[in-house]
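Participant: Following this message is one structure expressed as structure tokens.
None of the figures in this text is laboratory data; all of them are computed from the coordinates on show. Given the structure is predicted, the values throughout are model-derived calculations rather than measurements. Here the Cβ is made from the backbone with ideal geometry for all residues, glycine too, and neighbour counts use every protein chain on show.
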Amino acid sequence: MRLGNWTDGKRVAPEPLEGNVVATIAVGTIIWGALFVVQLPFYSWFSDHDHTWWLWTCLAGAGLGLLGLWIVRRREAALYAARNSGRDAHGPSADGGPSEQPAP
């Protein structure tokens, strides 16, 4: 099978998976933070063997997870607000005009 069979539009893209994105990111953030805390007492060993990047990778994972939580919660709130206001949450309407409802 060649790559062109996958990219030339002959195949229909699958629907995106729906799930609790906030919970998924929260669990990942907690795991990265726990790994950092568990490895922290062994800092001298990591330093002696030039493996301190393991600690900083865990800290970066936890920090980026917190950033991801903030972004995803804002996205969820925006989608919820758009859904409740009757507007299209994905931009302009199908006719190409603005997605906002005209004022009565």
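Participant: Net charge near Gly68: determine it from the other residues with C-beta under 15 Å of the C-beta of Gly68, scoring Lys and Arg +1 and Asp and Glu -1.
Facilitator: +2
Participant: Any idea what the alpha-carbon Rg over 2.2 N^0.38 Å comes to for the stretch 18-72?
Facilitator: 1.30
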